[in-house]
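Worksheet: one structure, shown below.
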Amino acid sequence: MYLSPEQIQNAINTAYTNHAKETGGANADYIPFLKNVDSNLCGLSVVTVDGQVFSAGDADTPFAIESISKVCTLALAMNDWGQQAIMDKIGVDATGMPFNSVMALELHGDKPMSPLVNAGAISAASLIKADSREHRWSRILQMQSDLTGTDIQISDELNESEQTTNFHNRAIAWLLYAAGYLYCEPDEAVDVYTRQCSTLLTTKALATMGATIAAGGINPITNKDVIKEAYCASILAEMTMEGMYDTAGDWAFTVGLPAKSGVGGGILAVVPGVMAIAGFSPPLDPIGNSVRGQKMVASVAQTLGFNLYQCARKR
Ligand code: GLN
């Protein structure tokens, strides 16, 4: 199906106009930095697999990547270890529980089950091949830069805000360590995981990251080969399963695209082989997904006719 640039821009404009002023939800408040971000910010971008970029609203405003970083670290862990090791060492199933759930661990012998919840993401960070803490961190940061095609930087202020409040994640790391699902020292794993959540990016950069996966692992803006082609389908399947946490099922049922959200208000959906749609607005629903972001991204997908599960009748 050919889509003209005008069709794509119109779909974005409509989504933004209809939902940018939507009320409801609240900024994440368990990380002090996020509580203070302007709740009115709202941005939307599409990047296609041939490198076209479309945007509306605050698409150049940097925001916290948070959990969306889990996709980058998963991609790096897959490049390092391959598919089977991720299944064995972390697990790739939906937990059906909140992203920081300890009960989800307890139900599965402390196996994290998914690299897209906190436990599995801390485990994935610990799996990255590295000979020191700073080497581990620099490889993860480089992956974020390679996927987004931009020079991604940590926010020292956000990192400080997270490092001084991340006690629940530290407890999770020690549980994983005790059960043999952590592959470096717990303190190093949580430190690096917390840093990976504390980088800033724009919706343009986020959509570029999604378009890189949509394009089979080659960044359409920089042409850099970032993820092995064979792993992109697995990453997208995992996003479908756990990317929107406890409402991943609702999202698949209604929108039908792999997606990943973060408590900074970002959300990324991928149309395999075609494009990625990225939204940002800080107020979250009770699950931790951006209220306006979900509506805008779903609107663009629906207007352009993208749902992986749609079954067109022969006419
Ligand atoms: N840094 C956050 C945490 O560890 C990320 C959570 C999220 O975005 N869902 O809780």
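The values are calculated or read from the model by the stated rules, or taken from the named source; none is laboratory data. Just so you know, these numbers come straight off a predicted model, no measurement behind them. Counting neighbours? That spans all protein chains shown, and the Cβs are built from the backbone with ideal geometry, glycine included.
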Single residue of segment 195-214 satisfying the filter (surrounded by fewer than 24 Cβ atoms within 10 Å (Cβ to Cβ) and within 16 Å of the ligand (Cβ to nearest atom)) that is farthest from TYR16 (Cα to Cα): ARG195
Only strands (runs of 3 or more DSSP E) wholly contained in segment 219-315 count here; list those with 2 or more residues that are away from the ligand (no atom under 16 Å from the Cβ) and under 21 Å from LEU74 (Cβ atoms). 266-271, 275-280
If you scan segment 233-257, which residues turn out to be under 14 Å from the mean Cα position of the chain (by Cα), surrounded by 17 or more Cβ atoms within 10 Å (Cβ to Cβ) and hydrophobic (A, V, I, L, M, F, W, C)? ILE235, LEU236, MET239, MET241, MET244, ALA248, LEU257
Could you list, in sequence order, the residues of segment 163-210 that are of a type in the set (A, V, I, L, M, F, W, C) and closer than 30 Å to VAL47 by Cβ? VAL192, CYS197, LEU200, LEU201, ALA205, LEU206, ALA207, MET209
Let me confirm something: among SER132, SER126, SER101, which residue is surrounded by 23 or more Cβ atoms within 10 Å (Cβ to Cβ) and polar (S, T, N, Q)? SER126
Helices (runs of 4 or more DSSP H) wholly inside segment 49-128 containing at least 1 residues that are at negative phi and within 14 Å of the ligand (Cβ to nearest atom): 69-81, 103-106, 118-127
Tell me which residues, restricted to segment 95-108, are touching a residue at least 60 places away in the same chain (Cβ under 8 Å), over 18 Å from ARG170 (Cα atoms) and of a type outside the set (A, V, I, L, M). THR95, GLY96
Among the residues of segment 258-270, are any surrounded by fewer than 21 Cβ atoms within 10 Å (Cβ to Cβ) and without any contact (Cβ under 8 Å) to a residue 60 or more places away in the chain? no
So, SER4, is that one exposed (fewer than 13 other Cβ atoms within 10 Å of the Cβ), at pLDDT 95 or above and among the hydroxyl-bearing types (Ser, Thr, Tyr) or not? yes
Specify the residue that is nearest to the ligand (Cβ to nearest atom); the eligible residues are those in segment 132-178 that are among the polar types (S, T, N, Q), in a helix (DSSP H, G or I) and closer than 23 Å to LEU76 by Cβ. ASN169
